[in-house]
């Protein structure tokens, strides 16, 4: 045997590739996704309101920016808390792996935060609405991949057939629209007239309907796609450990808000609309948590 072959053999590193038992992504990741949906969703709604009701948003530019900054930082804080080596997070920026969703997401989230602070400067200090609205267009465009990045991260998980990129991407967008419209309804108070709030209610109702449709499609037709999906969905069927939480989430986040929004349009009641918004925000956390947990319960062997 040649000398270099002997040297290579004596320096061999043996690793054992085994599945990690138990829950790897706990409730911290649920808060992460929930806060990110609100942080990006309110930006989507502010963009919509500026285009549709420009005379109504004079007092909403700065408060909406502050809300987005707060929830995006909650998203970043819980992301950092969930890292196994949080004090090495700077490696993402100085030793980036651009084929990793978390690396690309970190760069986009950093740029998003920078633009949010620019919006805060333009609205609170400079008071330049024209510059704010132009900048908001770019912030809204960037908010799309920021809210989608978690879907990319989940789809990169091996042996998690339930987390497919197409459906998860749609769910992330609808979650942002649902939570953004709900939070804007609650935050706007007397700053918006009933017509503007009714538009937000339409966004909320349609987002709830589309999200519910996607979940039911996975629930009913998912088992036909793969045996692993069928096994995972058993956790939310029958006497499954997450059955009650799953259906509570579906009712609180989607079904009840849809009914309440219809009632609010008939009665022109803003209080009913606010109740729908509160339920949507609370239920979204339940829905996200269940969908995060159940694939991790399935043994990998």
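Each reported figure results from applying straightforward, stated rules to the coordinates on display, with no laboratory input. Worth saying up front: this structure is predicted, and the values here are computed from it rather than measured. Note that we place each Cβ from the backbone using ideal geometry, even for glycine, and neighbour counts take in every protein chain shown.
Number of residues in the range 193-210 that are in contact (Cβ under 8 Å) with a residue 40 or more places away in the chain, within 30 Å of residue 59 (Cβ to Cβ) and within 19 Å of the chain's Cα centre (by Cα): the value is 5.
Restricting attention to the range 219-230 and to residues that are surrounded by fewer than 19 Cβ atoms within 10 Å (Cβ to Cβ) and in contact (Cβ under 8 Å) with a residue 12 or more places away in the chain, the residue that is nearest to the chain's Cα centre (by Cα) turns out to be 219.
Scanning the range 261-271 for any residue that is assigned to a helix (DSSP H, G or I), more than 13 Å from residue 205 (Cα to Cα) and in contact with a helix residue (DSSP H, G or I) (Cβ under 7 Å, 6 or more places away or on another chain) turns up at least one such residue.
Within the range 147-188, the set of residues being surrounded by fewer than 20 Cβ atoms within 10 Å (Cβ to Cβ) and under 14 Å from residue 278 (Cα atoms) comprises 186, 187.
So is residue 124 over 22 Å from residue 176 (Cα atoms), assigned to a helix (DSSP H, G or I) and in contact (Cβ under 8 Å) with a residue 24 or more places away in the chain or not? Yes; evaluated as a whole, the condition is true for this residue. Every condition in (1) touching a residue at least 24 places away in the same chain (Cβ under 8 Å); (2) closer than 24 Å to residue 51 by Cβ holds for residue 190 except the one numbered (1). Failed condition for residue 262, given (1) touching a residue at least 24 places away in the same chain (Cβ under 8 Å); (2) more than 20 Å from residue 237 (Cα to Cα); (3) surrounded by 15 or more Cβ atoms within 10 Å (Cβ to Cβ), with all others met? With respect to (1) touching a residue at least 24 places away in the same chain (Cβ under 8 Å); (2) more than 20 Å from residue 237 (Cα to Cα); (3) surrounded by 15 or more Cβ atoms within 10 Å (Cβ to Cβ), residue 262 is out only on (3). I'd like to know if the range 152-164 contains one or more residues that are on the phi > 0 side of the Ramachandran plot and in contact (Cβ under 8 Å) with a residue 12 or more places away in the chain. Yes, there is a match, as at least one residue in the range 152-164 is on the phi > 0 side of the Ramachandran plot and in contact (Cβ under 8 Å) with a residue 12 or more places away in the chain.
Return a yes/no flag: does the range 168-175 have any residue that is touching a residue at least 40 places away in the same chain (Cβ under 8 Å), touching a helix residue (DSSP H, G or I) at 6+ places or on another chain (Cβ under 8 Å) and not in a helix (DSSP H, G or I). Among the residues of the range 168-175, not one is touching a residue at least 40 places away in the same chain (Cβ under 8 Å), touching a helix residue (DSSP H, G or I) at 6+ places or on another chain (Cβ under 8 Å) and not in a helix (DSSP H, G or I), which makes the answer no.
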